[in-house]
Amino acid sequence: MRKFAFILLIVAACAKQEAPTEAGAGPAAKRTVVTGAGATFPYPIYSKWFSDYAKAHPDVAVNYQSIGSGGGIKQLMAQTVFFGATDGPMTDEQLKSAPAPIMHFPTVLGAVVPAYNLPNVTAELKFTGPLLADMYLGKVTKWNDAAIAKINPGVALPNLDITIVHRSDGSGTSYIWCDFLSKTSPEFKKKVGVATSVNWPAGVGAKGNEGVSGMVSQAPGSIGYVELIYAKQNDVTYGAVQNAAGEFVRATLESVTAAAASTAATMPADFRVSITNAAGKGVYPISSFTWILMYQNPTDKLRGRIMVDFMNWALSDGQKAAASLGYAPLPQQVIDLEKQALEKIQL
Amino acid sequence: MRRSADDRIFRFTTGIFAALVLLLVVGIGFELWRQSMLSIAKFGFKFWTGRVWDPVSGEFGALPFIWGTLYSSLLAMLISTPIALGIAIYISELSPKMLRQPLTYLTELLAAIPSIVYGLWGVFVLTPIVRKLEILMPPTLRKLPIFSGPPLGVGMGTAAIILAIMVIPFTSSVAREILKNVPVAQREGAYALGATRWEAIKVAIGYGKTGVIGAIMLGLGRALGETMAVTMVIGNNPQVSLSLYAPQYTMAAVIANEFTEAADELYLHALIEIGLLLFIITIVVNVISRLLIWSTKRRMTRVIVFPPVAKEEAAA
Amino acid sequence: MSYARRRKIISAIAEGLCAVAVILALLPLAMILFYVIKQGFTSLNWAFFTQMPKPVGETGGGMANAIVGTLVLIAIAASVAVPIGCICGVHLAEYTDSKFSSIVRFAADVLNGVPSIVFGMFAYIIAVLPVKRFSALAGGLALGFIMIPIVVRTTEELLRLVPSGLREGALALGATRSRAVFTVILPAALPGILTGILVATARVAGETAPLLFTAFGNAFWSTSPVQPIASLTQQVFLYANSAYEDWHRQAWAGAFLLVVMILTLSIAARFAVRRLERMNRP
């Protein structure tokens, strides 16, 4: 009965895969896989970290899927992943509805920049919070609008329609952007609000930071918000934004670090703090922490130990790699506070 | 007697497996319904007429997605049906015998290309082309609602084109089968009355009309459920718009994009409710299509041998 | 001009338009294949088949884990779909006229038209939620469900095509129903059934949507059914959506590999069909 044999073959092949150890493609060492998911914003630095960490610890593999901050929070609450990652801190309601207490751990600092595509404009454009809010509310629709021209004197702005690009997935990058716009524009705060997924009044949705930067780079007249590294990697122009002190600042390591410096002193115990529109000179106003989320009392102690060890590594060795990828390392005071907080995880 | 006991066991055992298939259909419907209760209870009928999809405030209206799915599929059918019928007619009536096999194979190749590859091609090749065409459109036409909006490249138009290409092989292979099985007498009768070739073809199509409609609906069913290629080129913006330029959203695309992120129960249930609707719509369309095709084939009496069936099942 | 002349011209134009339709359909096919081959073939290298994905910023790396992942998923899917589909097909063929069979046949047809993402949602509800983890098993289940109706229908049709003389001969020799089916009829229909399985496999090898929230994806090598697993289709999707040139290159290579895989399966199925046609000809 050839068919029976055929079926047996398939089943046998499957059975072989069900070997108890998750064998790696290398020496047949027993390797533990830790699954996490979340933000696309820090994906470049996380993928580098997880790869470097795996090289130093061949018995561990951290599998991170960048599905957006909303996804990270959701999957963590559903407990289908071991840790989450988000650039928009969990709200009080979300924390209350989680099955167990969840802790936030900042990993790096990043910046969200307004990336735009204006082929014939070589000068670097300046934006303010209220202006960006009006654009995203659909009130400013052309690039040569008076509001833009006022802040950018002497720049020949084309009579081109503004195409707004935003995220179609639940995104912490969206959260940071909306947080800044809500702080600078009461109308935006009322009409749209702050969350990882909002009801955008205008524009096109793209998936992930990659999708937004890809769309902006291809469509003339478009503007979108992306994490700094994506703008750089995609060779997309991005503008300077006016900070609380009135200066027009571009996103750089220094300006982002400056944003965090002021908050280090008043960091809340659960690390959920917004540093957009921070006071001070030389501050880039759309900066943010990005967090890794873990349960305070994980049932899987082995993976808990692995992640705590990883976090300690990330807070020391890992910070050195951050700058090369366009992220600002955390201020030392924050690192110290975090190392203390990590000990609260019950292993 | 031992044999009849054995036979009964055989019937029962194989029947269990058959029941499993039935259980699958019922199970899918049941689970989808059960896991969308929160949303059904909260919104009721308003779910289908609401235009606002706002996960933050917990307000979910699925109208933009229904519109996007129906509009994109309708456009896709408008584009693909003439082409698919043209191919079916050409291959079965007009082409030289030698070309028949290769042409059949080539059209079926269209069905074999995976959805994600269509998406890749759509993003990197078709979208820039469509964007250039959108920019080239004369300003007088741009004032029409169907061509209004900024030229992004992604949008309803691009999605309709890709859907049309994907659907062509399904409609065309079934239509070809129908045409092949029209009794020769029909055509010969037409020729005897002095018809031109095209008029004879029209007679044949008229005879198999129900089946051809079934073939078209089969393509429609396929278009309604297409996910990956559409979500990469449609722009993912939940708005109801007539414009081909406008980025819009379909039911399958919103599920693919937002399923992993639905952070609260209501959000998840709302998405599953959309999945339930998709399930029901595609079932209805497919059932009607099969009934039409089956009744036509029965009328034509000739036994359909398995190669077309295997390919039809593969295509369907 | 005479009425007859006009009709002839219309006929010629209509026929011409049909030929144009063929070209219109084949044009995108040519474009897609051309792009996939051009971009993909040049990006294929040994590293693609043997290496894991490298992190962002490092060039190189490959999709070894995704290729293996797709194979694992297909294996799980087939191990679900083949037994259920074939035996269900056997029942439908042996008891063609029963009411039960008609209902099951209807159910299989219904399943055939259900979008693949709905299967993904179902697999998420029954295989991910209860155990709170993504797994290759859930992904394989979703794909298996998609395969079932194809296998059922092909098996049934093929069994029905086996000349009744064979069945009657076996029964006349005193075989029980089950013996007749398993020792005589099924082996006769086997090549066709295998074809059906090949066709069903070709169909699911290219699926992405149902895997997004069942198999979930994995940056590392994994063959375990209870862990998330990478797949060629998902990896291509991820890379295509990214901002990195190197990843775009690899996405095309992955697409090329997918298309080659599926084409091979379809060609194999076609050859089997042809051989069977020749065999069954009286």
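Can you spot the lysines whose alpha carbon is less than 18 Å from residue A:301's alpha carbon? Ignore those fewer than 8 places along the same chain.
Straight-distance partners of residue A:301: A:30, A:344, C:132.
Any idea how far the Cα center of segment C:53-92 sits from the one of segment B:11-85, in Å?
Centre-to-centre (Cα) distance: 26 Å.
What angle do you read, to the nearest 10 degrees and between 0 and 90, between the alpha-carbon axis of helix A:43-56 and the longest principal axis of chain A?
30
Which distance in Å, rounded to a whole number, links the C-alpha centroids of segment A:193-235 and segment B:191-251?
Computed from Cα coordinates, the inter-centre distance equals 34 Å.
Hey, if we sort A:169, A:300, C:109, A:235 by accessible area with the 1.4 Å probe, largest down, what's the order? Don't skip to the end; give the middle numbers.
Working: A:169 5, A:300 50, C:109 25, A:235 140 Å².
Result, largest first: A:235, A:300, C:109, A:169.
Considering only protein heavy atoms, what is the solvent-accessible area of residue B:6 at a probe of 1.4 Å, reported in Å² to the nearest 10?
Number for this one is 50 Å².
Quick check for you: which residues of segment B:190-206 have the amide N under 13 Å from the point 7 Å beyond the Cα of residue C:10 toward its beta carbon?
Those under the cut-off are B:195-203.
Roll a 1.4 Å probe over the protein heavy atoms and report the accessible area of residue A:344 in Å², nearest 10.
110
At residue A:91 and residue C:190, where each label point lies 7 Å from the Cα along Cα→Cβ, what is the point-to-point distance in nanometres?
6.2
Kindly report, to the nearest 10 Å², the accessible surface of residue A:97 as traced by a 1.4 Å probe over protein heavy atoms only.
Result for residue A:97: roughly 80 Å² accessible.
Working from Cα positions, state the angle (0 to 90°, nearest 10) between the long axis of helix A:253-264 and the longest principal axis of chain A.
Taking the Cα atoms of chain A, the angle to A:253-264 is about 80 degrees.
Please find, in a Gaussian network model of chain A (springs between Cα atoms separated by less than 10 Å), the residue of A:292, A:102, A:151 whose mean-square fluctuation is greatest.
Largest GNM mean-square fluctuation: A:151.
Among the DSSP beta bridges whose two residues both lie in segment A:110-230, what percent are antiparallel, rounded to the nearest 5? Intermediate values should be presented prior to the final figure.
Details: 6 of 12 bridges.
Once the DSSP bridges in segment A:110-230 are tallied, antiparallel ones form about 50 percent.
Can you list residues from other chains, or at least 5 along the same chain, whose modelled amide H is less than 5 Å from the amide H of residue A:32?
HN-HN under 5 Å from residue A:32: A:60, A:61.
Which sequence of B:33, B:67 reflects their accessible areas, 1.4 Å probe, from the largest down? Present the calculation step by step, with values, prior to reporting the outcome.
Working: B:33 120, B:67 75 Å².
Largest accessible area first, the residues go B:33, B:67.
Just to be sure I understand: with springs between alpha-carbon atoms less than 10 Å apart, which residue in C:66, C:189, C:251 has the highest mean-square fluctuation in the Gaussian network model of chain C?
C:189
How much of the DSSP beta bridge set in chain A is antiparallel, as a percent to the nearest 5?
On the way: 24 of 42 bridges.
Within chain A, antiparallel bridges account for around 55 percent of the total.
Does anything in segment B:183-208 have its amide N under 14 Å from the 7 Å Cα→Cβ label point of residue C:3, and if so which residues?
Output list for this probe position: B:194-196.
Holding the Cα-Cα limit at 25 Å, pick out from A:74/C:54; A:232/A:320; A:183/A:281; A:191/A:232 the pairs that are longer than that.
Working: A:74/C:54 27 Å; A:232/A:320 19 Å; A:183/A:281 18 Å; A:191/A:232 31 Å.
Table pairs above 25 Å Cα-Cα are A:74/C:54; A:191/A:232.
Name the residues whose placed amide hydrogens come within less than 5 Å of the amide hydrogen of residue A:64, ignoring near sequence neighbours (fewer than 5 apart) on the same chain.
Those lying under 5 Å, H to H, from residue A:64 are A:36, C:219.
Output the relative contact order of segment C:30-145, whole-number percent, from Cα pairs under 8 angstrom with separation of 6+ residues. Can you show the working numbers first?
On the way: 80 pairs, mean separation 29.9, N = 116.
Contact order relative to length: 26 percent.
Checking the cross-link filter: which lysines have an alpha carbon closer than 22 Å to that of residue B:202, excluding same-chain neighbours under 8 positions apart?
B:97, B:180, B:297, C:8
Measuring from centroid to centroid over Cα atoms, what is the spacing of segment C:191-260 and segment A:37-107 in Å?
Computed from Cα coordinates, the inter-centre distance equals 24 Å.
Checking understanding here: applying a Kyte-Doolittle mean of at least -0.5 and a length along the axis of at least 30 Å (C-alpha), which whole DSSP H helices in chain C pass?
Details: long enough: C:3-35 (48 Å, 1.43); C:64-94 (44 Å, 1.87); C:136-161 (36 Å, 1.33); C:245-280 (52 Å, 0.39).
Those that pass (Cα extent of 30 Å or more, hydropathy at least -0.5) are C:3-35, C:64-94, C:136-161, C:245-280.
Probe radius 1.4 Å, ligands and nucleic acids left out: which of B:142, C:153, C:160, B:8 has the largest accessible area, and how do the rest follow? Don't jump to the answer; show the numbers that get you there.
Numbers: B:142 60, C:153 30, C:160 115, B:8 160 Å².
In descending accessible area the options line up as B:8, C:160, B:142, C:153.
I need the P(r) histogram for chain C: all alpha carbon pairs, bin width 5 Å from 0 out to the longest distance, whole percents.
Taking every Cα pair in chain C, the percentages come to 1, 6, 10, 12, 13, 13, 12, 10, 8, 6, 5, 3, 2, 1, 0, 0.
Pull up the DSSP beta bridges for the protein assembly as shown and report the antiparallel fraction as a percent, rounded to 5. Walk me through the intermediate numbers first.
Working: 27 of 47 bridges.
Percentage antiparallel, nearest 5: 55.
The values are calculated or read from the model by the stated rules, or taken from the named source; none is laboratory data. Predicted model, so just to flag it, every value in this text is computed and none were measured. We place every Cβ from the backbone using ideal geometry, glycine too, and count neighbours over all the protein chains shown. These accessible areas exclude ligands, DNA and RNA; they are computed on the full protein's heavy atoms, side chains included. Shrake-Rupley method; radii C 1.70, N 1.55, O 1.52, S 1.80 Å.
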